[in-house]
Amino acid sequence: SAAAFAPAQTGKATTALNVEWTEGTRALPFGSSPDTLDGSLPGDVGFDPIGFSTQPFASFNNPLYVEGDFMSDLQWLREAELAHGRIAQLAVVGFIWPGLFGTFPGREDLGGVDAYSELNPFKALETVPESAIYQIVAGMAWFEYQRVIRIREQGANRISGDIGIGYPGGWNPLNLNYSPEEYAEKQLQEIKHCRLAMIAAFGLICQATNSGTDVVSQLAPAFAAPEYAAKAGYFLPQGI
């Protein structure tokens, strides 16, 4: 049953006025964390220096919100974290894959044979056919639509991040069958990958914007010794 995988509902109101802060977190050796981070979610290590988890985000400007039958504020934030993290994971692959394994072949009647040969993702937006951009937008919209449907259907029993693929009761082409303990471990692995990917995507975006080229082609020069370092050997005694 999917209910076995659903998070427990605490019923605690999440407002900044009734939150207590505890000194010390598992994330950092200093600072404090709000008691809204009670460890009930996978990957919760008490890191919330700004206090996002103390605010009523679930009901804020949210047309999906149904009072008494909706996720808690903390689960709503986890929903957003997973959505952004999954997109970031795809983005990281998109930044790295073309430079390592090549790009799709183009067609003369659809932007030209070199339409997909641009390795810088930002420049590629100007070279690929518009239909390719529409396909990406349509795919994202479909997944988001599936997520919205399940948010409405599951209500307070929502499993954060469920888009109907691989989750209990959803489409399971790989026949995944985890126990609640194994499932919790997979959730922890996913949220860790999501957080790492969001940091990585930010770095890749900054690097691609600053350099104007793809990331992979910059790896070799990054590990090469600069010219002044190579020449330094001429001024050192033999054997040093």
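The values are calculated or read from the model by the stated rules, or taken from the named source; none is laboratory data. These numbers come from a predicted model, not from an experiment. Positions of Cβ are backbone-derived with ideal geometry, glycine not excepted, and every protein chain shown enters the neighbour counts. Quick note on the areas: whole protein, heavy atoms, side chains included, nothing else; ligands and nucleic acids left out. Shrake-Rupley method; radii C 1.70, N 1.55, O 1.52, S 1.80 Å.
Here are the numbers for the structure shown:
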quantity	calculated
Residue within the stretch 131-141 that is open to solvent by less than 60 Å² (accessible area, probe 1.4 Å), out of contact with any helix residue (DSSP H, G or I) (no Cβ under 9 Å at 6 or more places or on another chain), farther than 30 Å from Asp48 by Cα and not hydrophobic (A, V, I, L, M, F, W, C) present	yes
Neighbours by Cβ (under 7 Å, 6+ apart or cross-chain): first from the stretch 197-217, among the hydrophobic types (A, V, I, L, M, F, W, C); second open to solvent by 70 Å² or more (accessible area, probe 1.4 Å) and not in a loop (DSSP other than H, G, I, E, B)	Met198/His84; Ala208/Phe122; Val215/Gln207; Val216/Leu100
The stretch 48-80, residues that are within 20 Å of the chain's Cα centre (by Cα) and farther than 18 Å from Asp35 by Cα	Glu79, Ala80
Out of Gln9, Gln89, Gln55, Gln75, sole residue that is modelled with pLDDT under 80 and surrounded by 12 or more Cβ atoms within 10 Å (Cβ to Cβ)	Gln9
In the stretch 190-204, the residues that are open to solvent by 70 Å² or more (accessible area, probe 1.4 Å) and not charged (D, E, K, R)	His193, Leu196, Ile199, Phe202
Test: residue in the stretch 27-34 that is open to solvent by 30 Å² or more (accessible area, probe 1.4 Å), out of contact with any strand residue (DSSP E or B) (no Cβ under 8 Å at 6 or more places or on another chain) and modelled with pLDDT of 85 or more	no
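Let's see how each residue does on (1) of a type in the set (D, E, K, R); (2) more than 24 Å from Leu188 (Cα to Cα):
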| site | (1), (2) |
| --- | --- |
| Ala58 | no, no |
| Glu118 | yes, yes |
| Ala124 | no, yes |
| Ile136 | no, yes |
